[in-house]
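Q: Got a structure for you, questions after.
Every read-out reported here was derived from the displayed coordinates using simple, explicitly stated rules and does not represent laboratory data. Just so it is clear, the model here is predicted, and its values are computed rather than measured. So basically every Cβ, Gly included, is an ideal-geometry build from the backbone, and we count neighbours across all protein chains shown.
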Amino acid sequence: MDAAFGESLIELLPNLRRYAISLSRRVDIADDLVQITVERALANHASYDSGMRLEPWLFRILRNAYIDMTRRNRTQGTQLDVFEMPDIVSTDGVATVETRLMLHSALDAMETLPVEQRDILHLVCIEELSYAETAEVLSIPKGTVMSRLARARMALSEKLGIK
């Protein structure tokens, strides 16, 4: 590739961007199209006829890139970024409702347990403390934590109809 080709390509970047914006109507897509155009032009510069103007050749590459992108997007369907929209990851409405109902039932059932059992269930199952840490928080022996937790789990499963 000669230096004149590279310089001419750089000089035409604003024109390419303007044309890309007019095609796509979106600046972010236009920037992608210009990048694709420059990559393709550099990769295929040997096929450029130096007797022709560079601008029409680049515009044709850009337009073809736009057509390729449009076809690809049409066949791919709607795409959503799960990192920008984490709430869309789970779309099973029935499972979500059932899970929420079960959670509310479990919380309601926990409220009916004696305070000692409820505290241990909360610390071990919700806050994920170890038995030793729970014993330390409640100032009771570790064996007491284990027996109260076992009774609390049994009582909770009976209240929820889980056996």
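Q: Could you check the spin-label model distance between MET154 and ASN73? Points 7 Å from the Cα along Cα→Cβ, value in nm.
A: A separation of 6.3 nm, rounded to one decimal place.
Q: Let me ask something else about it. Which helices, counted as full DSSP H runs in the chain, have an axial Cα extent of no less than 18 Å and a Kyte-Doolittle average of -0.5 or above?
A: 27-43, 93-111, 142-160
Q: Please identify the longest segment of the chain free of exposed GluC sites (Glu not before Pro), where exposed means a DSSP state other than H, G, I, E or B and no more than 16 other Cβ atoms within 10 Å.
A: Of all site-free stretches, the longest is 1-83.
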